[in-house]
Every structure is written in structure tokens, then in C-alpha cells.
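Worksheet: the structure to be examined is printed underneath.
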Amino acid sequence: MSFIDHLEALRWHIIRAAIAIVVFTIGAFLAKDFLFHDLILGPSRPDFWTYRMFCEFGKLINAPNLCVDPVTFDIQNRQMSGQLTMHISSSFIVGLAMGFPYTFWEIWRFVKPGLYPHEQANSKGAVFFVSILFILGLLFGYYIAAPLSINFLASYQLDPSIENQIDLQSYLSTLTTMSLSCAFVFELPMIVFFLAKAGMITPEIMRMYRKHAIVVILVVAAIITPPDVSSQLIVTIPILLLYEVSINIARVVRRNSLKKLNADLVANNGQS
């Protein structure tokens, strides 16, 4: 294929991905009641699933600190077209999140023909695992990180005389930032997999900087969660597990690469 043909193929991949995002965006826009009352505004209410499950789990293991006391606060709109604009933008964000697996699949379909056969074999299942990790991270961010962050920020006060009246845009920005950030953080194992395949990272390097990674993870968890140890651990543990899984992934990739290299050397010696 010529360069122009490649551009034409890329254009159609982008168009199909954009159509999928638009379809999900329209679906989210039409489901306004579910989108805002149940999905977006859910973490702002005391009866949200996460708060109830934390209390139940805290009672089960006799750890009352896990029972988060949700703060009731008012969400306000201060612009004439604010609610309409927020309806459109939030629908688009949902469309992007739901259309991400298909978008990545379209990108992969464009990239895959340019790979060598062994590279295609090494990256088999990439779309599936990227999509699964993205969904898991999105759910973790929405049900764990975002509610804890929203509850903490809404309850933080410099002085009791200062009343928190949260702007709708600020609330949505916090919710989407936390949810999407976790979704992309959960892609760490796949990122390490491809970097290890490219020889840019090794398990020894990741072990060497494990202490630094733990400090960074603890700082991030302390920022996005309420100031108690139990809540910070709930957010920290999954990210630490992802880091350890990534080390093992890098180790397996290097081991397989060494096996292939040894097999090639044996084959070349046999031919000579």
C-alpha cells in the first residue's frame, strides 16, 4: 500500500471509531435520568452502593473506620446554559469511555498488518486484555476512588462558618478525572508488557525502583482518599498488586525472549 492508501485506511478506522463514540454518546444523552440521577450523582448521595458496602464490610471484620460517613452537600449550577452544556459534555465522556474498547480495536486493526508474524503472535489478545483492564480500572475509579475523594473533599472545612456549595462542573470534573485516571492506571500491566517486548524495561529495573514506586502510590492514595489508614489501603493495595503483576509480566517476557534466542542459536548452529 502507498502512503495515501495508508492514510485512507486510517481515515476509515477513525470514522468507524467516531461513529461508535457518537452512538454511545447519543444513547447516554437520551438516558438523561439514569445518566445523572443514578450514574453521575450517585456518589453524592449517602445511600450510594460504595458507602453501604464499606459499612457492611467494616461490621463484618470489626473495623468501624471502614464505615465512611457520607456528607450531604448541595450541587449548584451558576450558568444559564450550564445544565445543557453539562448534559452534552457528560454524555460525550460516557460515550468515550464506553467506546474505548472498540476504538482501540480499530486502532489495532490498522497497526496489526504492519507487524511481523512473530510480533502479531506476541501481541495476541492485546485488545481483550486492554479492554478488560480499562473496564476494571473504570469500575474501581467510579466505585472506590471517586466516592472516597468526593466525600473527603466535600467534608473538608477551613472553618465551620464556610459552607460547601459544590459547582456542578467541579463535581463532574472530580468524578470523571478520578474514574478515567484509574482506568488508564490499570493499563500498567499492558504498558509494561509492550515495553518489555521492546527491551526498554526489565524486571530488575522495576524491582530496583519498587520502593520509589511504593512511595508514589502511597502519596497518590493519600491525596485521593479520606485521611484514614483503612481507606488509603483500599486504594493502595490494588495498585501495588498491579505493579507486582507487571514485574512478573516483564520477567515472563524476558524469559520467553531468552528461550527464543537460544532456540534460534541452536537452529543456526545446526544449519552451519
Work the Kirkwood hydrodynamic radius out for segment 1-126: mean of 1/r over every pair of different alpha-carbon atoms, inverted, in Å. 18.6
Using a 1.4 Å probe on the protein heavy atoms, what percent of the accessible area of segment 73-224 belongs to carbon and sulfur? 69
Across the alpha-carbon set of the chain, Rg over Rh with Rh taken as the Kirkwood radius works out to 1.06
Where does each of 89-100, 49-60 land if you order them by average Cβ count within 10 Å, highest first? 89-100, 49-60
List every residue whose amide H lies under 5 Å from the amide H of Asp167, counting only residues 5 or more places away in sequence or on a different chain, with H placed 1.01 Å from N in the peptide plane. Gln76
Say the dipole of the chain comes from +1 at the beta carbon of Lys and Arg and -1 at that of Asp and Glu; which of Asn62, Gly137, His37 then lies farthest toward its positive end? Gly137
Would you please state the base-10 log of I(q)/I(0) at q = 0.13, 0.28 1/Å for segment 128-193, with intensities from the Debye formula using one equal scatterer on every alpha carbon? -0.44, -1.11
All aspartates and glutamates inside 19 Å of Lys59 as judged from Cα atoms, apart from same-chain residues fewer than 8 positions distant: Asp47, Asp69, Asp228
Highest-first arrangement of 188-198, 158-168, 70-80, 104-114, where packing means the average Cβ count within 10 Å: 188-198, 104-114, 70-80, 158-168
Rounded D (µm²/s) - segment 90-216, Kirkwood Rh over Cα pairs, Stokes-Einstein at 10 °C, 1.306 mPa s: 91
Measuring from the longest principal axis of the C-alpha atoms of the chain, the long axis of helix 168-185 (C-alpha) lies at a number of degrees, nearest 10, equal to 30
Can you compute the modelled spin-label distance between Gln165 and Ala198, with each label point 7 Å from Cα toward Cβ, in nm? 5.0
If you line up the long axis of helix 126-140 against the longest principal axis of the chain, both from Cα atoms, how many degrees apart are they, to the nearest 10? 20
Would you mind working out the magnitude of the charge dipole of the chain relative to its Cα centre, with +1 at each Lys and Arg C-beta and -1 at each Asp and Glu C-beta, to the nearest 20 Debye? 1160
Over 22 Å between C-alpha atoms is what I'm after, so list which of Lys124/Lys211; Lys112/Lys259; Lys211/Lys259; Lys124/Lys259 land there. Lys124/Lys211; Lys112/Lys259; Lys211/Lys259
Taking the solvent-accessible surface of protein heavy atoms with a 1.4 Å probe, what is the per residue accessible area of the chain in Å²? 61
Segment 61-116 to segment 177-223: how many Å between their Cα centroids? 21
Compute the acute angle (0 to 90°) between the alpha-carbon long axis of helix 146-155 and the principal axis of greatest extent of the alpha-carbon atoms of the chain; round to the nearest 10°. 30
Can you give me the distance in nm between label points at Phe129 and Asn248, each placed 7 Å from the Cα along the Cα-to-Cβ direction? 1.2
Can you compute the modelled spin-label distance between Leu139 and Leu233, with each label point 7 Å from Cα toward Cβ, in nm? 2.4
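The values are calculated or read from the model by the stated rules, or taken from the named source; none is laboratory data. Not measured: the values here are computed from a predicted model. Every residue, glycine among them, receives a Cβ derived from its backbone with ideal geometry; neighbour counts consider all protein chains shown. Ligands, DNA and RNA are stripped out before the accessible areas are found, and what is left, the full protein with its side chains, is counted by its heavy atoms. Shrake-Rupley method; radii C 1.70, N 1.55, O 1.52, S 1.80 Å.
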